[in-house]
Amino acid sequence: MDGGVFRLKQRHSLYIVIVSLLSFVLLGTVIYQKVGDMMIDQSKNNAMGLSVIAANEIDGDVFETIRSNEDDAYYEVLESITKYTDYHMLQYIYTMRLEDDVLTFVVDADPEEPAYCGEEYNWLPDMEQAFQGQVCCDQSLTKDRWGSFFSAYAPIFNSDHEVVGIVGCDIMTADITERLNELRTVIISLITVFALLCLMALIFITRDMMQKDYLTEIANDGKIKNVASRLKKRNRLQDYTGMLTNIKDFKYINQKIGFNRGDELLREYAHYLKQLTIRGEYVARTGNDNFLMLIKKGREEEVLKVLSLLELTLYEQDGKNVIRIFSRCGIYPIKESDNLSSVMNYCTLAVNTTRNADTEDYVWYSDSMSITMLEEKEIINSYKQAIKNGEFQVYYQPKVDIVNNRLCGAEALVRWIKDGKTISPGQFIPVLEKEGKIIELDFFVFEQVCKDIRKWLEEGIVPVRISSNFSKMHLKNLALSEQVLDIVNRYNISTNYVEIELTESSGYSDYNSMKKFVSDMDQAGIYTSIDDFGTGYSSLSLLKDINVNVVKIDKSFFGNMDDDKLNGATLVENVIRMIKDLDRIVICEGVETEKQVEFLKGTECNIVQGFLFDRPLTREQFEERLKSPEYGRFDENNNI
Ligand code: C2E
Ligand code: MG
Ligand code: MG
């Protein structure tokens with residue numbers, strides 16, 4: 001899944017927060033309206049009830065005795081009625097007498113504006129129901145009701161049960177408004193509290209988002225930085241060991257299974273690492289497939305043991321696929337003076353050494369690694385001048401046909417001779433590769449080879465095909481083929497005399513460029529070979545697609561073969577057979593014993609390169625070998 005489930009989940013949380021807030025506002029508004037309506041209905045009922053009570057208090061016949069508002073009877077009636085004024089919403093109460101279709105105020109309890117007793121009043125259609133003996137209310141609810149009033153009417157009967165007047169109650173809605181305002185304040189307060197909660201949730205989610213790795217959902221480097229500085233402040237950081245792990249050959253795995261499933265694998269891996277930690281330990285993804293763990297001191301071996309057993313399951317359309325994952329790990333026990341960045345540096349130095357061929361996958365930091373780093377700097381700084389000073393020299397290691405014991409080719413191998421000491425390529429080539437400087441050196445070696453071949457041709461020495469190592473970095477150069485041909489043409493030598501070796505680990509990442517380069521070389525008649533076959537990730541299917549002429553089986557195969565004769569030998573035998581079936585020349589590297597030669601004679605591989613025949617030779621020594629290309633018999637010490 002692209003971008004990660006996590007981002008999606010976070011976005012969902014945001015939606016949930018926003019939708020909840022809106023729903024809460026909507027709900028508040030609806031409650032406010034409904035409660036308002038209920039309160040008004042209730043008031044209306046109360047008002048009508050009150051007018052009925054008031055109407056019952058008044059004897060219709062008494063109207064005869066009330067002539068003015070100064071009459072005692074008036075006060076009696078008023079008193080009897082106004083004792084109900086403690087009904088909070090009652091504002092005015094009045095009685096009206098009906099005489100010859102004329103309504104006259106009898107009693108008016110409006111303290112502000114009392115009507116003149118005996119004053120006539122026009123009929124209002126809304127009172128009509130009251131004159132027909134019913135209790136009614138004159139106003140329906142309107143939108144502006146909050147500030148207005150409405151009246152309830154009840155009929156007054158005389159002793160003959162005839163309606164002779166009415167009681168009206170004016171009800172102010174101000175009180176309702178006040179109470180609704182209170183309700184509104186409560187609702188607004190609740191919404192505010194809820195909004196604050198939402199805001200806090202948002203802040204939490206955002207903070208969470210910023211501290212979590214979007215892909216694996218574990219802590220990111222920002223989070224581990226915070227954790228480390230917190231531990232440092234509390235003087236606890238030195239209780240931990242930093243363990244920087246990554247997935248061995250993840251780049252290759254990623255290309256093989258596809259990036260989406262590579263992401264899935266990373267998530268699984270992160271989950272696995274998280275499970276490895278106990279309370280108070282931390283793990284974070286610091287980038288790509290790199291994870292930093294802060295493990296409590298003393299638990300390192302336990303963690304490494306579990307890490308080494310790692311198997312992850314990937315689910316595919318057609319079922320599940322268990323992938324065996326190997327980790328590399330740089331381990332550094334933290335000291336009091338450290339901070340996270342120094343821990344990262346030391347762990348990185350340690351984990352980087354695991355990339356060297358002979359190193360374990362789990363490496364504890366040692367001070368010599370920092371020294372190595374300084375040495376690397378020294379290599380980079382002095383490299384340019386070294387080329388100018390002619391400190392780089394090309395050695396030639398013969399390839400031998402074991403059928404006739406004759407020299408049949410050679411490999412050019414560079415040496416750096418500095419102050420009389422020889423530095424082996426293993427020391428400086430990885431450094432130059434890291435710094436991107438290897439390209440220049442490879443061309444230097446290749447040109448030197450062409451120059452030597454020219455020289456030998458001119459001197460009448462018959463050369464053999466010489467292979468030169470080209471770093472995989474060259475494959476990024478679109479003009480590589482032209483540059484190679486340009487050098488060959490410059491020295492006017494046959495393309496038959498040169499060969500380009502590419503390491504197999506470059507096979508996948510630069511698959512297309514490799515394919516094109518090999519095909520260009522093929523057209524130009526220049527051999528290409530895959531070096532160190534069996535150590536990287538070339539597969540036989542890659543060989544089928546990429547038309548290299550030669551496959552060089554790595555020397556590590558023979559190490560196996562000697563100790564565990566049966567398995568190792570069977571493996572080599574079969575690999576050779578399969579390569580031969582693909583119609584490629586096979587060369588076995590690192591042949592050191594006669595026994596190995598005897599074994600290879602029984603296979604389909606007849607070309608070998610190894611110390612048994614020759615170590616890499618200086619140009620002068622190799623010239624001698626060219627002049628006498630036959631190898632004799634071996635003595636007991638494997639010397640010829
Ligand atoms: P490679 O290309 O696989 O070269 C073969 C290495 O195996 C050489 O190591 C050679 O000395 C060693 N070797 C040969 N026969 C035996 C044997 O019988 N036993 C053992 N133990 N080793 C044997 P060297 O010269 O140290 O080179 C190491 C690697 O450095 C080369 O491996 C190649 O990858 C790289 N290299 C050397 N020269 C160049 C160069 O000019 N350019 C580039 N890019 N890489 C180079
Ligand atoms: Mg090689
Ligand atoms: Mg090799």
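Give the residues of the range 138-166 that are at pLDDT below 85, among the small types (Gly, Ala, Ser) and within 16 Å of Leu124 (Cα to Cα), sorted by residue number. Result: Ser140, Ser151. Is it the case, given these coordinates, that Lys225 is within 19 Å of Cys347 (Cβ to Cβ), surrounded by fewer than 21 Cβ atoms within 10 Å (Cβ to Cβ) and touching a residue at least 60 places away in the same chain (Cβ under 8 Å)? So Lys225 fits the description; yes. Could you tell me whether the range 170-185 includes any residue that is touching a residue at least 12 places away in the same chain (Cβ under 8 Å), among the charged types (D, E, K, R) and in contact with a strand residue (DSSP E or B) (Cβ under 6 Å, 6 or more places away or on another chain)? Yes, the conditions are met somewhere in the range 170-185.
Looking only at the range 187-217, residues that are in a helix (DSSP H, G or I) and touching a residue at least 40 places away in the same chain (Cβ under 8 Å) come to 12 in all.
If the condition is being out of contact with any Ser or Thr (no Cβ under 7 Å at 6 or more places or on another chain) and touching a residue at least 60 places away in the same chain (Cβ under 8 Å), then the range 247-256 contributes Asp249, Tyr252, Ile253, Lys256. Scanning the range 541-583 for residues being within 16 Å of ligand 2 (Cβ to nearest atom) and modelled with pLDDT of 90 or more gives a total of 6. Of everything listed in (1) at pLDDT 95 or above; (2) surrounded by fewer than 13 Cβ atoms within 10 Å (Cβ to Cβ), the single unmet condition for Asn381 is (1).
For the range 403-417, name all the residues that are touching a Ser or Thr at 6+ places or on another chain (Cβ under 6 Å) and either among the hydroxyl-bearing types (Ser, Thr, Tyr) or surrounded by 20 or more Cβ atoms within 10 Å (Cβ to Cβ) (or both). Within the range 403-417, Glu411, Ala412 meet the criteria. Among the residues of the range 363-416, the ones that are more than 30 Å from Phe599 (Cβ to Cβ) and not in a strand (DSSP E or B) come to 27 in all. The single condition from (1) more than 16 Å from ligand 1 (Cβ to nearest atom); (2) surrounded by 13 or more Cβ atoms within 10 Å (Cβ to Cβ); (3) aliphatic (A, V, I, L, M) that Ile371 fails is (2). Here the strands (runs of 3 or more DSSP E) wholly within the range 441-535 that include at least 1 residues being of a type in the set (Val, Ile, Thr) and in contact (Cβ under 8 Å) with a residue 40 or more places away in the chain are 466-470, 498-503. May I ask you to list the residues in the range 409-443 that are at negative phi, more than 16 Å from ligand 2 (Cβ to nearest atom) and more than 41 Å from the chain's Cα centre (by Cα)? Correct list: Trp416, Ile417, Lys418, Lys421, Thr422, Ile423.
The values are calculated or read from the model by the stated rules, or taken from the named source; none is laboratory data. Here the structure is a predicted model, which means the values were calculated and not measured. FYI the Cβ positions are ideal-geometry reconstructions off the backbone, even for glycines, and counts take in every protein chain you see.
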